[in-house]
Amino acid sequence: MSALIPLSDARLTQALARRAAGPHTASELVRDVQAAVEEVPQRSRWVWPATVRRLLLPALLLVAVLPALVGFLLAGRATDSTPPSTRGEIAFVQATYLCDPGPCRIQVWSGRVEGLQAVGSRIVRTAADGVAPMPVVDVPGTLDRVAGSMPTDPRSDRLAGPDVAWSPDGSRLAFRTFNDAPGIYIVNRDGSDLTRLVDLKQDRDTGMGTPPSLAWSPDGAHIAYIYPYAGRYQPLWVVDVADGVTRQLDDRATRVVAWSPDGSRIAFARSYRNVDLTKLVVIEADGTDATVLEAADRRGYHITALAWSPDGSHIAFERRTDGESVGPSFEGLWLIAADGTMLRRLGPEPPPLRRGAGCCVLMAGGGTVKWSPDGRRIGRIAHDQERGSVIVVIEADGAEEHVLAPADTFDWSPDGSRIVLADGPRRIDDASVGEVTSTEDWSSITIVDVNGSDARSLGPGEFPDWSP
Amino acid sequence: MLVGMGMRPAPESVADVASVGVAATLDAPLVERAAHGDHEAFARLIEPRAARLLRTARVILANEADAYEAAQETLIAAWASLPGLRDANHFDAWLHRTLVNKCRDALRKRSRVREIDLGATEVETPDIADEHVAQDAILAAFDRLSVEERYILALHHVEDLPLATIAGQLGIPLGTAKSRLWSARRKLERALEAER
């Protein structure tokens, strides 16, 4: 054993001073940064002058508190402080499509669309009773083409998007663009204060990604996302909604991310390129203590969707395997306890691949598994060549499963009794390769109850999200 | 650059030695202007701070490339997020918090292989060589500390900031700053014992 090295202040200072020296100069750093920020936009948030802020806040408090106080005194009893109009609203995207020059040609199997253009999209919101949707904000940027670069999910090739997500308190919406103004944006429910939270340059013009493309933390303070979006294995990031500061939590994630209900952990699928499989990983929200919950120990097995149960005790996840001749195949919906125990399959075992069939193989959902808020059921998107995309609902104990309705995306109502879904675009005239001349209602929004009945249309739209 | 063994790095500009608190107050108008997209104001804001950021990143990350990238990303992020900074007087604390996060990200990305700098070619006298061996052991122990512990030791030993300034930098009470510095130092001593 060598002698103990005395640690004096002077020796520590000398050691650190040696390390603090380096070949790059501060002038170089400033020069490089100045060049870089020429192309970096600032977050578009108006900064109140300090003096105005100091006066404004007390004034606002007085204006806000005084009527409430008077109302309380007059009413005589406390009422629910949450304005009813912010609860249970549905937000979705309305895009305008053209086939110009017509007709568009759509290939259902590959999902490719030729000739389809999206001339603009906007985010709207409505109450569940379906009164005329109110515009929230126009989606920034323009889209050169609808057909995307991710053919593994046919939906991404046919819709302009973006997918939208309510903040947990229902006061704001977040969405992510993949056009010529790529980034994560947040906007107030009334359309005010549109802010580009993160500029995601490498997503430029990659087309609509596989939803969901971002995830709010339960406290609304952070958003998790994968970036860059193109490619299979990319870093997992978290951005602070208040100041836009980003942190990378992992460098091998796939597009499957979900916060635990208490916000302390994030579940995601980590990719292992060398052995061609993904594993279910849970990481602390500060990026420490990553734990592999489930190791799919067969090559070619990938986790394509996951969701925490509302009580945080379990994670439901969807697995697919790369098919040998007919493409990716759904391998099952699975349930695992949050501590990594009690792994079991939910629902019936999928039928084996049918070689040479050319169709009728149940494909994996493109990243959509959603637990109903009451914890009783799990919904997922499945699609195959015969039926197209459908919602499959299974009881959380795995006892019963049924196909609910045709849909590409969906969300549960806050009480779990209804589902809002987006259906379309469908195959046209039952042709595997068809032509489209009309783009009206390219995708439409419908509300159904959990048994698939009592359907009510909300009009054209895509990517609905039901606020808590 | 080191002026001589045992001395702290010479400042790269006179402005670099300005205390954090005074600079923050004087620069509040620059922060406001930079937050409105004024590139020149932003350049004037970061020029006196760049050297300290770079030194601190080097101390924490022990790797020139990582340190340069972390410092660069910190300043770019500062530019992008400046409009969201509510109080211009908190710019320095906010900036250094960003640096700590960037350093943490860099360490997380790095593989667990200690890099050996092959660049040193100068011939050392026996006395200097022995001292460097001792300092290398100290640095190896230092690398066992958390990013926050490395950061507070860097502010105290490399930047020679008074504790009151360090407390302001970290946004914590003076007593807490003292306690954290003492705790980091104790942990370093224990880590040094483990390096034997």
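Against the list (1) under 30 Å from B:Ala184 (Cα atoms); (2) within 7 Å of chain B (Cβ to nearest Cβ); (3) at pLDDT 60 or above, the condition A:Ser8 fails is (2). Does A:Gly287 qualify as being at pLDDT 90 or above, in a loop (DSSP other than H, G, I, E, B) and buried (at least 16 other Cβ atoms within 10 Å of the Cβ)? No; evaluated as a whole, the condition is false for this residue.
Scanning the stretch A:158-214 for residues that are part of a loop (DSSP other than H, G, I, E, B), farther than 17 Å from A:Val124 by Cα and not basic (Lys, Arg) yields a count of 18.
State yes or no: is B:Ala77 surrounded by 20 or more Cβ atoms within 10 Å (Cβ to Cβ), at the interface with chain A (Cβ under 7 Å from one of its Cβ atoms) and in contact with a helix residue (DSSP H, G or I) (Cβ under 6 Å, 6 or more places away or on another chain)?
Working: surrounded by 20 or more Cβ atoms within 10 Å (Cβ to Cβ): yes; at the interface with chain A (Cβ under 7 Å from one of its Cβ atoms): yes; in contact with a helix residue (DSSP H, G or I) (Cβ under 6 Å, 6 or more places away or on another chain): yes.
Judged against the criteria, B:Ala77 is a match.
Are any of the residues in the stretch B:140-152 out of contact with any helix residue (DSSP H, G or I) (no Cβ under 6 Å at 6 or more places or on another chain) and more than 15 Å from A:Leu12 (Cβ to Cβ)? Checking the stretch B:140-152: at least one residue is out of contact with any helix residue (DSSP H, G or I) (no Cβ under 6 Å at 6 or more places or on another chain) and more than 15 Å from A:Leu12 (Cβ to Cβ).
Of all residues in the stretch B:153-177, those being closer than 21 Å to A:Gln14 by Cα, within 14 Å of chain A (Cβ to nearest Cβ) and outside any helix (DSSP H, G or I) number 4. Considering B:Arg180, B:Arg144, B:Arg150, the condition of being within 21 Å of B:Asn101 (Cα to Cα), of a type outside the set (A, V, I, L, M) and outside any helix (DSSP H, G or I) is satisfied by B:Arg144 alone.
Against the test of being among the β-branched types (Val, Ile, Thr) and modelled with pLDDT under 60, the options A:Thr437, A:Thr409 yield a single qualifying residue, A:Thr437.
Which residue is nearest to B:Gln72 (Cα to Cα), if the candidates are limited to the stretch A:11-23 and must be touching a Pro at 6+ places or on another chain (Cβ under 9 Å) and either modelled with pLDDT under 90 or part of a helix (DSSP H, G or I) (or both)? Quick ask: steps written out before the conclusion?
Within the stretch A:11-23, the first condition is being touching a Pro at 6+ places or on another chain (Cβ under 9 Å), and the residues that meet it are A:17, A:20-21.
Then keep just the ones that are either modelled with pLDDT under 90 or part of a helix (DSSP H, G or I) (or both); that gives A:17, A:20.
Working: A:Ala17: 21, A:Ala20: 16 Å.
Out of the qualifying residues, it is A:Ala20.
Evaluation of B:Ala50 against the conditions (1) of a type in the set (Gly, Ala, Ser); (2) touching an Asp or Glu at 6+ places or on another chain (Cβ under 9 Å); (3) more than 9 Å from chain A (Cβ to nearest Cβ) shows that the sole unmet condition is (3). Restricting attention to the stretch A:24-63, the residues being more than 19 Å from A:Thr195 (Cβ to Cβ), at pLDDT 80 or above and either at the interface with chain B (Cβ under 7 Å from one of its Cβ atoms) or not in a loop (DSSP other than H, G, I, E, B) (or both) number 13.
Restricting attention to the stretch A:315-337 and to residues that are buried (at least 19 other Cβ atoms within 10 Å of the Cβ) and over 14 Å from A:Gly379 (Cα atoms), the residue that is modelled with the lowest pLDDT turns out to be A:Ser329.
The values are calculated or read from the model by the stated rules, or taken from the named source; none is laboratory data. Remember, it's a predicted structure, so these values are computed and weren't measured experimentally. We place every Cβ from the backbone using ideal geometry, glycine too, and count neighbours over all the protein chains shown.
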